[in-house]
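The values are calculated or read from the model by the stated rules, or taken from the named source; none is laboratory data. Note that the coordinates shown come from a computational prediction; the quantities given were computed from them, not determined experimentally. Positions of Cβ are backbone-derived with ideal geometry, glycine not excepted, and every protein chain shown enters the neighbour counts.
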Amino acid sequence: MIITGKTHVYGDNIDTDRIIPGKYTKTLNLQDLADHVLEDLDPEFRSRVKQGDIIVGGSNFGCGSSREQAPLALKKAGISAVVAQSFARIFFRNAINIGLPVIEVKDHSITMNDEVEVDLQNGQVTNLSTNEVYEGTQIPEVMVKILNEGGLVPYLKEYKSYS
Amino acid sequence: MGQTIIEKIVSTHANKQVHQNEIAIVNVDGVMATDTTAPLTIKAFQDMGGEKVWDSKKVFLIIDHAAPAPNERIANLHTLMREFAKVQNIKLYDIGEGICHQLMVENHHVKPGQLFLGADSHTCTYGALGAFATGVGSTDLAGVMLTGQTWLKVPASYKITLNGKLQSGVAAKDLILYIVGQLGIEGATYKAIEFTGPAVDSLSLDERMTLSNMAIEMGAKACFVDTTGLELPYDFNHIYGDDDAEYEKEYVFNVSQINPEIAIPHSPDNVRDIAEAIDTPIQMAFIGSCTNGRLDDLHVAAEILKGRRIHPDVRLIIAPASQKVFLDALRDGTVETLTAAGASFISSGCGPCVGTHQGVPGNGENVISATNRNFQGRMGNRHSNVYLASPATVAASALNGKITDPTTLKEAVS
């Protein structure tokens, strides 16, 4: 799977409260989530984001609450992948489970509005604006399978178990 | 090679010997989800083709994050949960019964040595009684509801040895704030933390829960508090790490040197000695949450506020961690003492801590809170500032209308 998009770049420790504030999480309507995504961190994000854009973070992206509404809100808003130097554990699992590709690249110098290509198969991120290539960290085989199925719901619908 | 506590518990549940960084498929002893996460869990479970949960005695739903419902949208999500619980014949704790983590421990739904998953990040709290418990998202939890299993990577462990004895007026909350400040918000990401040492042995279950609760504020996957000295109303087996177990890092702290601590805006690892924030004016004070809403916490606040009245410019809100805590505090006079001092009791639940309702601060206001997170906007308003501290510091600050070191207050009184 190869994903290409323009970037929105944020710093370290972007917590899930800032991705989607707690007061908006109680809903099954994903558009409600997308309408408020990142509103405390970057109030202009919603008017700027285009379908297929990519979020780029520093270290510990998605720390804090276990709310799956955080990756859901990003995905519904049009985000096609999240690239970060590191991820908080629960966010990373949630993103894969709902079929939002995430990739960890330890060092990158991606800036706002760069054009970036994410190659999940080979675990590589290419900054098309600067032609720099970054190596991603490998994810466990089970996560690759879940992501290839489009998330944990289709995975378990198909296989019925983890073993 | 020896095993850490988490390697032992995962091995038992995977039916094979595992060590750190191995992937294991494990049998799960119990799961819980709240009104923030359960609606998505139920939907995912149904979308997976789920009809009956794998074991109706091992699934718990709790309505605590927005309870009672503040609006019709949330009311309808609560209805969805109640209907699912009825059809599935699973235990649901309704509004006011308590905060999920308090209820799981109080009602013995989780026990030492078990492997428990919760769709809430503070599920790591159950490490207070030696269980491996970790937070997951809604879809992961649905997967367990369907299969009774999940996959996980066995984390490496950090051993944190706590020597010495806490000074009078210094609480388990000050201790964990200090440690979060030392390790940082990603200081233990993906790791299991083992707390051990003489300072741990004398801690009550309430205090142990405060300690393990905030392990997630360092990114930890799980936390264990050495069960030496732990008293539970049933028999249990202690699990200890082997002498030759491999720890990725070891820390030693002397807790005798720790003062009241405070996390200043906007991150729980932004921890300072309280002296650095002293006299900051506050408009709202909150005691509650899965971190500090237990009977010990209310007692500490009552001791400070007995016969006194909070500052006229401050609202003090208290949410007991469960109905049982509330009843105990009613019967022993704590609720009366605190109410006479000007505190406002609200229904047991998470509302103010997660910014849902029942105490959202106004623009420019400073809040002192005995909770676990002070990210910008956490309590429902990005234009407010949240300071995290112990219940004693919150009560002393409510009394003076400004951030106050509770140890100096006590000296002034006696």
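Quick one: would you say B:Ile160 is more than 14 Å from chain A (Cβ to nearest Cβ), within 24 Å of B:Ala396 (Cβ to Cβ) and out of contact with any His (no Cβ under 9 Å at 6 or more places or on another chain)? The answer is no for B:Ile160.
Residue count for the range B:167-190 satisfying the condition of being in a loop (DSSP other than H, G, I, E, B) and within 22 Å of B:Glu207 (Cβ to Cβ): 7. Only one of the numbered conditions (1) surrounded by fewer than 24 Cβ atoms within 10 Å (Cβ to Cβ); (2) more than 18 Å from the chain's Cα centre (by Cα); (3) closer than 22 Å to B:Thr37 by Cβ is not met by B:Ser202, and that is (3). Candidates B:Asp64, B:Asp35, B:Asp55: the one that is closer than 16 Å to B:Gln149 by Cβ and either more than 10 Å from every other protein chain (Cβ to nearest Cβ) or surrounded by 24 or more Cβ atoms within 10 Å (Cβ to Cβ) (or both) is B:Asp55.
Within the range A:122-143, the set of residues being surrounded by 15 or more Cβ atoms within 10 Å (Cβ to Cβ), within 14 Å of another protein chain (Cβ to nearest Cβ) and either under 24 Å from A:Gly5 (Cβ atoms) or in contact with a Pro (Cβ under 7 Å, 6 or more places away or on another chain) (or both) comprises A:Ile139, A:Met143.
If the condition is being within 13 Å of another protein chain (Cβ to nearest Cβ), assigned to a loop (DSSP other than H, G, I, E, B) and not polar (S, T, N, Q), then the range A:65-96 contributes A:Arg67, A:Glu68, A:Ala88.
Being part of a helix (DSSP H, G or I) and either modelled with pLDDT under 95 or among the aliphatic types (A, V, I, L, M) (or both) is the filter here; which residues of the range B:31-47 pass it? Walk me through how you get there before you give the answer.
As a first pass, look at the range B:31-47 and keep what is part of a helix (DSSP H, G or I): B:38-47.
Scanning the range B:31-47 gives B:Ala38, B:Leu40, B:Ile42, B:Ala44.
For the range B:69-94, a residue qualifies if it is closer than 23 Å to A:Arg67 by Cβ, surrounded by fewer than 17 Cβ atoms within 10 Å (Cβ to Cβ) and not charged (D, E, K, R), and the qualifying residues are B:Pro70, B:Asn71, B:Ala75, B:Asn76, B:Thr79, B:Leu80.
Restricting attention to the range A:99-117 and to residues that are within 14 Å of chain B (Cβ to nearest Cβ) and surrounded by fewer than 24 Cβ atoms within 10 Å (Cβ to Cβ), the residue that is farthest from A:Tyr24 (Cα to Cα) turns out to be A:Lys106. A:Glu39: over 9 Å from the mean Cα position of the chain (by Cα), buried (at least 21 other Cβ atoms within 10 Å of the Cβ), facing chain B (nearest Cβ under 10 Å) and within 26 Å of B:His266 (Cα to Cα), yes or no? Taking the combined requirement at face value, the residue does not satisfy it. Restricting attention to the range B:1-20, the residues being modelled with pLDDT of 95 or more and part of a loop (DSSP other than H, G, I, E, B) number 9. Of all residues in the range A:9-27, those that are modelled with pLDDT of 95 or more have Cβ atoms under 9 Å from Cβ atoms of residues that are surrounded by fewer than 23 Cβ atoms within 10 Å (Cβ to Cβ) and among the basic types (Lys, Arg), 6 or more apart or on another chain, in A:Arg18/B:Arg382; A:Pro21/B:Arg382; A:Lys26/B:Arg73; A:Thr27/B:Arg73. Whether a residue is free of Cβ contacts under 8 Å to residues at least 24 places away in the same chain and among the acidic types (Asp, Glu) was assessed, and B:Glu365 does not pass this test. Can you tell me which residue in the range B:99-128 is surrounded by the fewest Cβ atoms within 10 Å (Cβ to Cβ), limited to those that are farther than 15 Å from B:Ile9 by Cβ and within 12 Å of chain A (Cβ to nearest Cβ)? My answer is B:Ser121.
Matching residues to (1) under 21 Å from B:Cys350 (Cα atoms); (2) small (Gly, Ala, Ser); (3) free of Cβ contacts under 8 Å to residues at least 12 places away in the same chain; (4) not assigned by TED's automatic domain parsing to the domain that holds B:Ala33:
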{"site": "B:Arg73", "(1), (2), (3), (4)": "yes, no, yes, no"}
{"site": "B:Phe84", "(1), (2), (3), (4)": "no, no, no, no"}
{"site": "B:Asn89", "(1), (2), (3), (4)": "no, no, no, no"}
{"site": "B:Gly98", "(1), (2), (3), (4)": "yes, yes, no, no"}
{"site": "B:His101", "(1), (2), (3), (4)": "yes, no, no, no"}
{"site": "B:Asn107", "(1), (2), (3), (4)": "yes, no, yes, no"}
{"site": "B:Val110", "(1), (2), (3), (4)": "yes, no, no, no"}
{"site": "B:Gln114", "(1), (2), (3), (4)": "no, no, no, no"}
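For the range B:154-177, a residue qualifies if it is surrounded by fewer than 20 Cβ atoms within 10 Å (Cβ to Cβ) and touching a strand residue (DSSP E or B) at 6+ places or on another chain (Cβ under 7 Å), and the qualifying residues are B:Thr161, B:Asn163, B:Gly164. State whether one or more residues within the range B:353-367 are more than 14 Å from chain A (Cβ to nearest Cβ), within 19 Å of the chain's Cα centre (by Cα) and part of a loop (DSSP other than H, G, I, E, B). No - not one qualifying residue is present in the range B:353-367. Candidates are the residues of the range B:38-52 that are more than 7 Å from chain A (Cβ to nearest Cβ) and within 18 Å of A:Thr16 (Cβ to Cβ); the one that is nearest to the chain's Cα centre (by Cα) is B:Ala38. Which ones in the range B:347-362 are within 17 Å of B:Cys290 (Cα to Cα) and either in contact (Cβ under 8 Å) with a residue 40 or more places away in the chain or among the basic types (Lys, Arg) (or both)? Result: B:Ser347, B:Ser348, B:Gly349, B:Cys350, B:Gly351, B:Pro352, B:Cys353, B:Val354, B:Thr356, B:His357, B:Gln358, B:Gly359.
Restricting the range B:129-153 to residues that are of a type in the set (Val, Ile, Thr), in contact with a helix residue (DSSP H, G or I) (Cβ under 8 Å, 6 or more places away or on another chain) and buried (at least 24 other Cβ atoms within 10 Å of the Cβ) leaves a set whose member that is nearest to the other protein chains (Cβ to nearest Cβ) is B:Thr139. Could you tell me whether any residue of the range A:41-63 is free of Cβ contacts under 8 Å to residues at least 24 places away in the same chain and under 21 Å from B:Asn385 (Cα atoms)? Taking every residue of the range A:41-63 in turn, at least one turns out to be free of Cβ contacts under 8 Å to residues at least 24 places away in the same chain and under 21 Å from B:Asn385 (Cα atoms). Cβ-Cβ distances below 7 Å connect the following pairs, each with a first residue in the range B:257-284 that is farther than 24 Å from B:Leu166 by Cβ, a second residue that is surrounded by fewer than 17 Cβ atoms within 10 Å (Cβ to Cβ), and a separation of six or more residues or different chains: B:Gln283/B:Asp313. If you go through the range B:385-414 and keep only what is crowded, with 24+ Cβ neighbours inside 10 Å and free of Cβ contacts under 8 Å to residues at least 40 places away in the same chain, you end up with nothing.
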